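I have placed the structure first, in the form of structure tokens, so that the comments after it can refer back to it.
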Amino acid sequence: MDKVSLATLAVHAGERLSVPDYTPISTPIHHAVTYIYDDMHTLDAVFAGKRPGYVYSRFANPTVTALEEAVAHMEGTESAVACASGMAAVHLALLAAGATAGKAVLMAQDLYGGTYSLLTQIFPTQGVHVHSVDMTDLGAVSQAIAETKPIALFVETISNPLLKVVDIPALAKLAHDGGAQLIVDNTFATPCLYRPALNGADYVVYSATKYLSGHGDAMGGLVAASAERCQAIREKRKLLGSILGPNEAWLILRGLKTLVLRMRQHSQNANLVAHFLQSHPRISQVFYPSLPTHPQFALSRRLFPCNLFGGMVSFRIKGADQEKVFRFMDALRVIVPATSLGDVYSLVLYPAHSSHRWLSDEEKQRQGITPDLVRLSVGIEEAQDIIADLAQALDAIGE
Ligand code: PLP
């Protein structure tokens, strides 16, 4: 290196130092896109999968692997695959489950709007038959499986935005008896409330953009499943180019460390907020799984034995139209009107215009996405400050 020009030194000096014999206490962010080995035969063996290693960051990356290992351990699965977004994770899980031309998928009626649109707008153009059913009605699910013969059922443990809770073990049994696999989007519940793979689910999907990361600064997704299923997903991820970036992987890995602490606080705060809203004269309906009025109250107690029910609360403002709800949202001072959930900040969203904006009016009506509906992601601030903010904003909207 000494005999080369300054331009060459500027490019190569300091790079590719010998591998150290010490281990950093936290995972480094590996920005390198490609990797070198002692000789070409070794590189060839890594390419062939005959020895471990990395060749190209679209295939795998050490920081991403660290996140995948962490999530697999927390989820109780053999493996996990990290993707560029929650939607990428949903897409890959469906592909891996066999959603191809001529096959059918049975989805829950209540789903995040993006997932609903992916399933009703993109997959049908690829020849996939998509049917929907109320997944809280096991009789209807059983009948729909017999009629449509799906290769997979797709559900959310706690649905977005009306917080319906589904019986994962029962759905897994119905799916498996009918020759189908069960894909569960566990974004709202997180492994702190529930671990679907330990209860029969074949694929667990996350928008890691939400609670797993938790700070509103990283977009990502994960699928947790058996080693074999994850290997199939990795092959698809490689060709679709949907791997997570190393910076995001690092941020989400960092977020995971406080997930349990945050979920405890989110859940405690949300429980207090839900009770406050339920007693407020300007609120006509509150959706939160710990409330005795919740349609799956008993099931929620059974599924979530830690007495944590998550940070999401939805509610209807009595007689409100869009203008009135907007006045309420504009009047908030602590709670932020922004399009996401699961952050340390309390966030409020108008489902009809954001998470479920692209649904037809008829579909919104059927899913209960009415003009008076508000979705609140309760943060980890002091509960009394969140409640006081809601109280003053409800006062501000007038009769
Ligand atoms: N699943 C659920 C339940 C969601 O709420 C969202 C987004 O809000 C997604 C999946 C999609 O995640 P992302 O925005 O990270 O693609």
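The values are calculated or read from the model by the stated rules, or taken from the named source; none is laboratory data. Bear in mind the structure is a predicted one, so any value in this text is a computation, not a measurement. As a convention, Cβ positions derive from the backbone with ideal geometry for all residues, glycine included, and neighbour counts pool all protein chains shown.
Out of the residues in region 138-152 that are under 22 Å from ALA298 (Cβ atoms) and not polar (S, T, N, Q), state the one that is surrounded by the most Cβ atoms within 10 Å (Cβ to Cβ). I'd like the intermediate steps shown before the answer.
Just the residues of region 138-152 that are under 22 Å from ALA298 (Cβ atoms), to begin with: 138-142.
In the following step, the residues that additionally are not polar (S, T, N, Q) were identified as 138-141.
Values: LEU138: 15, GLY139: 9, ALA140: 13, VAL141: 24.
Looking at residues that are under 22 Å from ALA298 (Cβ atoms) and not polar (S, T, N, Q), I get VAL141.
Restricting attention to region 221-260 and to residues that are farther than 17 Å from HIS73 by Cβ and within 12 Å of the ligand (Cβ to nearest atom), the residue that is surrounded by the fewest Cβ atoms within 10 Å (Cβ to Cβ) turns out to be SER242. Within the set THR34, THR65, the sole residue that is within 23 Å of TRP250 (Cα to Cα) and in the same structural domain as PRO246 (by TED's automatic domain parsing) turns out to be THR65.
Cβ separations smaller than 6 Å between residues 6+ apart or across chains give the following pairs from region 242-262 residues that are assigned by TED's automatic domain parsing to the domain that holds LEU92 to residues that are of a type in the set (Lys, Arg) and outside any helix (DSSP H, G or I): ILE243/ARG58.
Suppose the filter is surrounded by 19 or more Cβ atoms within 10 Å (Cβ to Cβ) and within 26 Å of ASN61 (Cβ to Cβ); does TYR194 pass it? In short, no.
Only one of VAL141, VAL81, VAL130 is touching a strand residue (DSSP E or B) at 6+ places or on another chain (Cβ under 6 Å), among the β-branched types (Val, Ile, Thr) and within 16 Å of the ligand (Cβ to nearest atom); which?
Working: VAL141 fails: within 16 Å of the ligand (Cβ to nearest atom); VAL130 fails: within 16 Å of the ligand (Cβ to nearest atom).
It is VAL81.
ALA104 meets all of the listed conditions (1) away from the ligand (no atom under 16 Å from the Cβ); (2) among the hydrophobic types (A, V, I, L, M, F, W, C); (3) free of Cβ contacts under 8 Å to residues at least 40 places away in the same chain; (4) touching a helix residue (DSSP H, G or I) at 6+ places or on another chain (Cβ under 8 Å) but one, namely (3).
Here's a check for you: in region 85-101, which residue that is near the ligand (Cβ under 8 Å from one of its atoms) and hydrophobic (A, V, I, L, M, F, W, C) is surrounded by the fewest Cβ atoms within 10 Å (Cβ to Cβ)? Talk me through it step by step, then tell me what you get.
Residues of region 85-101 that are near the ligand (Cβ under 8 Å from one of its atoms), as a first pass: 85-90.
Next, only the ones that are hydrophobic (A, V, I, L, M, F, W, C) stay: 87-90.
Values: MET87: 20, ALA88: 24, ALA89: 31, VAL90: 27.
Only one residue tops the list, namely MET87.
Residues considered: ALA298, ALA270. Of these, the only one that is crowded, with 19+ Cβ neighbours inside 10 Å and either part of a strand (DSSP E or B) or modelled with pLDDT of 95 or more (or both) is ALA270.
Return yes when ALA82 is in contact (Cβ under 8 Å) with a residue 40 or more places away in the chain, buried (at least 24 other Cβ atoms within 10 Å of the Cβ) and not in a loop (DSSP other than H, G, I, E, B) and no when it is not. Here the answer is yes, as ALA82 does meet what is asked.
Listed by position, the helices (runs of 4 or more DSSP H) inside region 124-228 whose residues that are over 19 Å from LEU308 (Cβ atoms) number at least 3 are 138-148, 168-177.
When you check ASN186 against the structure, is it surrounded by 24 or more Cβ atoms within 10 Å (Cβ to Cβ), of a type in the set (S, T, N, Q), under 19 Å from ALA93 (Cα atoms) and touching a helix residue (DSSP H, G or I) at 6+ places or on another chain (Cβ under 6 Å), yes or no? Quick ask: steps written out before the conclusion?
Details: surrounded by 24 or more Cβ atoms within 10 Å (Cβ to Cβ): yes; of a type in the set (S, T, N, Q): yes; under 19 Å from ALA93 (Cα atoms): yes; touching a helix residue (DSSP H, G or I) at 6+ places or on another chain (Cβ under 6 Å): yes.
Yes.
Residue-wise test of (1) without any contact (Cβ under 8 Å) to a residue 24 or more places away in the chain; (2) of a type in the set (A, V, I, L, M, F, W, C); (3) assigned by TED's automatic domain parsing to the domain that holds ALA197.
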residue: THR100; (1), (2), (3): no, no, yes
residue: THR115; (1), (2), (3): no, no, yes
residue: MET135; (1), (2), (3): no, yes, yes
residue: GLN143; (1), (2), (3): yes, no, yes
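With respect to ALA170, is the statement that it is closer than 14 Å to ALA96 by Cα and outside the structural domain of VAL344 (by TED's automatic domain parsing) true? No. For region 98-123, filtering for residues that are assigned to a loop (DSSP other than H, G, I, E, B) and within 18 Å of the chain's Cα centre (by Cα) leaves 4.
The C-beta contact set for region 330-354 (first residue free of Cβ contacts under 8 Å to residues at least 24 places away in the same chain and among the acidic types (Asp, Glu), second residue more than 15 Å from the ligand (Cβ to nearest atom) and in a loop (DSSP other than H, G, I, E, B), distance under 6 angstrom, 6+ apart or interchain) is empty.
Out of all the residues in region 36-57, is one or more polar (S, T, N, Q) and in contact (Cβ under 8 Å) with a residue 60 or more places away in the chain? Yes: region 36-57 contains one or more residues that are polar (S, T, N, Q) and in contact (Cβ under 8 Å) with a residue 60 or more places away in the chain.
Might you let me know whether region 56-74 holds any residue that is modelled with pLDDT of 95 or more and among the acidic types (Asp, Glu)?
First, the residues of region 56-74 that are modelled with pLDDT of 95 or more: 56-74.
Adding the requirement that they be among the acidic types (Asp, Glu) leaves 68-69.
Checked region 56-74: at least one residue is modelled with pLDDT of 95 or more and among the acidic types (Asp, Glu).
Going by the structure shown, is PHE326 surrounded by 15 or more Cβ atoms within 10 Å (Cβ to Cβ), more than 16 Å from the ligand (Cβ to nearest atom) and part of a helix (DSSP H, G or I)?
Numbers: surrounded by 15 or more Cβ atoms within 10 Å (Cβ to Cβ): yes; more than 16 Å from the ligand (Cβ to nearest atom): yes; part of a helix (DSSP H, G or I): yes.
Yes: the conditions hold for PHE326.
Please go through region 329-345 and pick out each residue that is part of a loop (DSSP other than H, G, I, E, B) and more than 16 Å from the ligand (Cβ to nearest atom). Quick ask: steps written out before the conclusion?
To start, the set of residues in region 329-345 that are part of a loop (DSSP other than H, G, I, E, B) comprises 332-335, 337-345.
Within region 329-345, LEU332, ARG333, VAL334, ILE335, VAL344 qualify.
Of all residues in region 376-392, at least one satisfies being under 26 Å from THR115 (Cβ atoms) and not in a loop (DSSP other than H, G, I, E, B).
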